[in-house]
Ligand code: 2AM
């Protein structure tokens, strides 16, 4: 194998600029604090504590390591299906190292993951793999998200799976329970520990299209 093949990354994605990243981390922190203090959340706390504890510290419950990013293609160092084609595609080569603006319309939280949805533009969709929403009838790009944290023992790949499940519920017309008008936006509970905060105003900020190797 060539040296280049040898260096295929773990994944490609958009990496928010550090100022935007700080903003997102602040947003997530505020969201968790707000949830922690809501009666409606406390009512459903057992979704998060199978053992029946009354108190959950959400900021400790969700952990994150590594740089925040929106994965475009998970390559697994070239072993993932379609990785080689993606890496060698003209559009990926062309856009590598370019900056784009990400639009984030909603936060979501489940007993497994905490994430923020990314609403992709047509231009950004050119970098989106065709199989990301496989097994659903959701539009391309639906899976776009940034993982903000995972519960202990949960792999980050779960965040996209959780998001697709939420979007499928919405597609089936499940309205969820409108829990409240928070300062940041509308909070909805979908049952089984699934919460969505639709932001009053989408967060928008710059991100770099690049890859991650470690
Ligand atoms: P994420 O995009 O939901 O955060 C390294 O594991 C990164 O690649 C993580 O960011 C992870 O999830 C993403 N990832 C891991 N396995 C994946 C898969 N099979 N499909 C899509 N993304 C994956």
With a cut-off of 8 Å between alpha carbons and a minimum separation of six or more residues, what is the relative contact order of the range 162-214 in percent?
21 percent
If contacts are Cα pairs under 8 angstrom and at least 6 residues apart, what is the relative contact order of the range 120-214 in percent?
14 percent
Mean separation of Cα contacts under 8 Å (6+ apart) over length of the chain, as relative contact order %:
30 percent
Gaussian network model of the chain, Cα springs within a sub-10 Å range: biggest mean-square fluctuation belongs to which of 171, 158, 94?
94
Normalised Cα Rg of the range 114-195, dividing by 2.2 N^0.38 Å with N its residue count, works out at 1.17
Would you give the gap between the C-alpha center of the range 42-84 and the C-alpha center of the range 147-178, rounded to a whole Å?
10 Å
Report, to the nearest 10°, how far helix 157-171 tilts away from the longest principal axis of the Cα atoms in the chain, using its own Cα long axis and a range of 0 to 90°.
60 degrees
Rounded, prolate or oblate: which fits the range 96-140, taking a ≥ b ≥ c as square roots of the Cα gyration tensor eigenvalues, rounded meaning a/c under 1.5, else prolate when a/b beats b/c?
oblate
Determine Rg/Rh for the range 5-122; Rg is computed over alpha-carbon atoms and Rh is the Kirkwood hydrodynamic estimate from the same atoms.
1.07
Semi-axes a, b, c in Å (a largest) for the range 69-214, each sqrt of 5 times a Cα gyration tensor eigenvalue, come to 28, 17, 14
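Every number here is computed from the coordinates shown, using simple stated rules; none is lab data. Small disclaimer: the values here were computed from a predicted structure and weren't measured.
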